[in-house]
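The values are calculated or read from the model by the stated rules, or taken from the named source; none is laboratory data. Note that the coordinates shown come from a computational prediction; the quantities given were computed from them, not determined experimentally. Backbone-built Cβ (ideal geometry, glycine too); neighbour counts: all protein chains shown.
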Amino acid sequence: MKFFLAAALLVATTSGAYVAPTTNYDRCLTPSEADDIATAISNGIDVDLFPDKVFPDQSSYWDMEYHGTYKILKNTQDTISTSYLLYQCGLSTMPFDETELAQFDSVFPVPYEGGIVVTATTQIPNVEILGRRDQICAFAITENLVSSPCLSQVLIPEGKEDGSVTILPLYNDTAVEDYLAANPDSLILGGSWDSAPKMKNKVVISDIGESPQKAIDDGVDVNEAQAEWLEPVGSLFNQEKFAHTYNLERKQRYECHTDNAAQLAAVADDARPKVLWGYFSDYSSGFDAPASPNYYVTYAEHCQADLLIPEEGKEGSIDSWGYKYMTDEEWLEFGRDADVWIYPSDNFNKLLSQKNEYLQQFKAVQNEQVYDYQMSGGEGWFEKRLAEYDIVLLDMCQVVGRNLETFPPHQRMWLRNVFTESPRTLGVCTDVDELFEPRHMECVRNDEAVNTDSDAPGILSEQPSSANQVGLAHAFLASMVLMWTVRA
Ligand SMILES: *[C@@H]1O[C@H](CO)[C@@H](O)[C@H](O)[C@H]1NC(C)=O
């Protein structure tokens, strides 16, 4: 390191040139910066244009290598297995020759400034969090599935006009290739079930590829693993630092809420609440039973509740396209005693009008403890719940009776009581250029709020243990400021 500094100083004084950046470039290099960097490299200086780096912590299927003037992003999912060369925009010479470049599935300069083609709604929050909404140029998804208020506004009603977002046909690689040919400065964000993962100008970055079973095998949390894909998305724009910080703060809130739920459960002497998770499929005429492991099982565990899982061989006698569904009788036997029923669909109220007498046999229905996911709109759940997994956890804990303390106080944002609450939406967009507005609440640690027992093991973390309301307000403000400076 000392040698490196000395060498840098030497070059700086002799040719008056390369100064190592202290943060990743948020723009292309100028021609003179590029020349200085080329000179430094030929003088044997260990150039590093990416001082902000990200590496997977919880996720299984992405990887990142940093090499001074370029980085290599990999998707290691078996069915994808791709690598991408991301080189600093504005370099005077490419770090590889033509033949070597052919080994990469896509090659493009960063920070990436061209258009983005979105192929899955879960990609939307990541792009928005990074402040890149205005780069979205096309959707290869059905437009009525888009929930983001600001994006919906660009799509509808102006969606078909020049300059606004283009809608491409679904699952049609030819149409995507045609679009690319006409718009060579576009980059496609592929998904985990992509049929053509190796298409030029495509980067497969997909949170939903993470496997709940693999997460358990590796001792990681599947919800954290999925959300961490914000970091490789950030690397496309040299926003590693911002993406990592955002991700880490969200993870800390999630873990803090988890700790609080454990503490609440430890002092409550009642039994663990039983949770039923499932919906009636009109298409398959049966109830879709929960399967373990799964993301919602993880939520229930963190809330110190027991999610009912059918015994092996008892997943249901209806076979529909290889999936098992339960008959009314089977579902009743399985779920009648659950305290809370989470209904991950939008048709409970219809079901209630059709099968009222049947449903009244469930304890959760009698007690009006049935929740669907429509508190922020039906499609919003699919688009945004991965990005707001800390908020989903708070909702889940609240409906099982564990009211976790937050600042400001938590209001449910996803789970809606189907008896007493109306479906809501993600709100309205007042200005399409406005930055992403986070909706989370800061965690107030139980030990700060209720006791100061310093002997309690394993509860305190690196979070300031003496944080008071002022400290929390400060943290809250700081995260707001962070949001507002995303494109600074
Ligand atoms: C896919 O898109 C192309 C070009 O837009 C079109 O010609 C073709 O008919 C489409 N294929 C299908 C299966 O819809």
Item to complete: Test VAL117 against the criterion of being within 23 Å of GLU437 (Cα to Cα), within 16 Å of the ligand (Cβ to nearest atom) and buried (at least 22 other Cβ atoms within 10 Å of the Cβ), and give yes or no.
Response: yes
Discussion item. Condition first: among the polar types (S, T, N, Q), under 33 Å from the mean Cα position of the chain (by Cα), modelled with pLDDT of 95 or more and more than 30 Å from SER195 (Cβ to Cβ). Can you find one or more residues in segment 27-39 that meet it?
Written reply: no
Worksheet item: Somewhere in segment 182-195, is a residue on the phi > 0 side of the Ramachandran plot, within 12 Å of the ligand (Cβ to nearest atom) and in the same structural domain as ILE80 (by TED's automatic domain parsing)?
Response: no
Worksheet item: Given the structure, is SER60 touching a helix residue (DSSP H, G or I) at 6+ places or on another chain (Cβ under 7 Å) and of a type in the set (Ser, Thr, Tyr)?
Response: yes
Practice prompt. Within segment 86-100, count every residue that is part of a loop (DSSP other than H, G, I, E, B) and touching a helix residue (DSSP H, G or I) at 6+ places or on another chain (Cβ under 8 Å).
Written response: 5
Worksheet, complete the sentence: If we take segment 342-381, then helices (runs of 4 or more DSSP H) inside it with 3 or more residues that are closer than 18 Å to LEU276 by Cβ, in contact (Cβ under 8 Å) with a residue 40 or more places away in the chain and within 31 Å of the chain's Cα centre (by Cα) are none
Worksheet item: Pick from ASP178, ASP221, ASP270: which is of a type in the set (Asp, Glu) and within 16 Å of the ligand (Cβ to nearest atom)?
Response: ASP178
Discussion item. Just the residues that are of a type in the set (D, E, K, R), over 24 Å from the mean Cα position of the chain (by Cα) and modelled with pLDDT under 90, please, taken from segment 164-199.
Written reply: ASP173
Discussion item. If the requirement is being on the phi < 0 side of the Ramachandran plot and either among the acidic types (Asp, Glu) or touching a Pro at 6+ places or on another chain (Cβ under 9 Å) (or both), which of these qualifies: SER148, SER152?
Written reply: SER148
Fill in: Inter-residue pairs, beta-carbon under 8 Å, first within 17 Å of THR142 (Cβ to Cβ) and in segment 171-187, second hydroxyl-bearing (Ser, Thr, Tyr) and within 9 Å of the ligand (Cβ to nearest atom), 6+ apart
none
Worksheet entry | Filter pass, ASP282 being among the acidic types (Asp, Glu), under 30 Å from ASP319 (Cα atoms), in contact (Cβ under 8 Å) with a residue 40 or more places away in the chain and surrounded by fewer than 22 Cβ atoms within 10 Å (Cβ to Cβ) | yes
Worksheet item: Which of the residues that make up segment 200-215 are at pLDDT below 90 and either surrounded by fewer than 19 Cβ atoms within 10 Å (Cβ to Cβ) or within 16 Å of the ligand (Cβ to nearest atom) (or both)?
Response: LYS200, ILE208
Discussion item. I need every pair where a residue in segment 19-46 that is among the polar types (S, T, N, Q) has its Cβ under 8 Å from the Cβ of a residue that is exposed (fewer than 15 other Cβ atoms within 10 Å of the Cβ) and modelled with pLDDT of 95 or more, sequence separation at least 6 or different chains.
Written reply: THR22/PRO51; THR23/PRO51; ASN24/PRO51
Worksheet item: Is there a residue being within 21 Å of the chain's Cα centre (by Cα) and either modelled with pLDDT of 95 or more or assigned by TED's automatic domain parsing to the domain that holds GLU113 (or both) anywhere in segment 42-53?
Response: yes
Discussion item. Against the conditions (1) farther than 30 Å from ALA102 by Cβ; (2) within 16 Å of the ligand (Cβ to nearest atom), where does VAL146 fall short? Just the number, please.
Written reply: (2)
Worksheet item: Applying the selection to segment 377-416, what residues are under 20 Å from GLN366 (Cα atoms), out of contact with any helix residue (DSSP H, G or I) (no Cβ under 8 Å at 6 or more places or on another chain) and of a type outside the set (A, V, I, L, M)?
Response: GLN398, GLY401
Worksheet entry | Scope segment 438-458; condition in a loop (DSSP other than H, G, I, E, B) and at pLDDT 85 or above; matching residues | PRO438, ARG439, HIS440, MET441, VAL444, ARG445
Practice prompt. Kindly list the number of the only condition in (1) polar (S, T, N, Q); (2) at pLDDT 95 or above; (3) not in a loop (DSSP other than H, G, I, E, B) that fails for THR22.
Written response: (3)
